[in-house]
Amino acid sequence: MGANFTEIDEAFICEYCGRKVEPLGYSCRNHCPYCLHSKHVDVNPGDREETCHGELVPIDIEINSKKGYVVVFKCIKCGKIRKNKLAEDDNMELVYEIIKNKVRR
């Protein structure tokens with residue numbers, strides 16, 4: 001991992017949908033696999049130094065040549081954009097819905 005990456009892979013309760021999220025096991029868990037929402041807690045991945053703590057809403061899906069599919073999040077509190085690679089257990093129906101809504105715009 002990069003110099004600005006702190007590996008944290010722990011279970012949590014999603015503040016958006018309320019479901020228990022288990023550790024990913026092969027990398028760091030960044031977002032809920034059920035609803036794809038996250039929380040704005042990091043300045044750099046895993047550092048937990050962001051003071052905003054706003055809700056990160058999935059707004060787009062991109063394809064990155066190195067990472068594959070990436071979720072694009074927008075913080076509803078401060079407006080910052082964050083990105084994270086999709087995990088193997090992410091809700092693909094929701095991913096497809098985000099892509100479909102993007103095409104309709």
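The values are calculated or read from the model by the stated rules, or taken from the named source; none is laboratory data. Just so it is clear, the model here is predicted, and its values are computed rather than measured. FYI the Cβ positions are ideal-geometry reconstructions off the backbone, even for glycines, and counts take in every protein chain you see. Note: accessible area is taken over every heavy atom of the protein model, side chains too, but ligands, DNA and RNA are not part of it. Shrake-Rupley method; radii C 1.70, N 1.55, O 1.52, S 1.80 Å.
Values for this structure:
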| item | result |
| --- | --- |
| Residue list for the range 79-105, restricted to those being open to solvent by less than 70 Å² (accessible area, probe 1.4 Å), of a type outside the set (Asp, Glu) and assigned to a loop (DSSP other than H, G, I, E, B) | Gly79, Leu86, Ala87, Asn91 |
| Lone unmet requirement of (1) out of contact with any Leu (no Cβ under 6 Å at 6 or more places or on another chain); (2) at pLDDT 95 or above for Asn30 | (2) |
| Candidates Glu50, Glu62 - the one that is without any contact (Cβ under 8 Å) to a residue 24 or more places away in the chain and either closer than 19 Å to Glu15 by Cα or in a helix (DSSP H, G or I) (or both) | Glu50 |
| Residues of the range 19-34 that turn out to be more than 15 Å from Ile81 (Cβ to Cβ) and under 10 Å from the mean Cα position of the chain (by Cα), as a count | 3 |
| Some residue of the range 1-15 being without any contact (Cβ under 8 Å) to a residue 24 or more places away in the chain, among the acidic types (Asp, Glu) and over 29 Å from Val103 (Cα atoms) | yes |
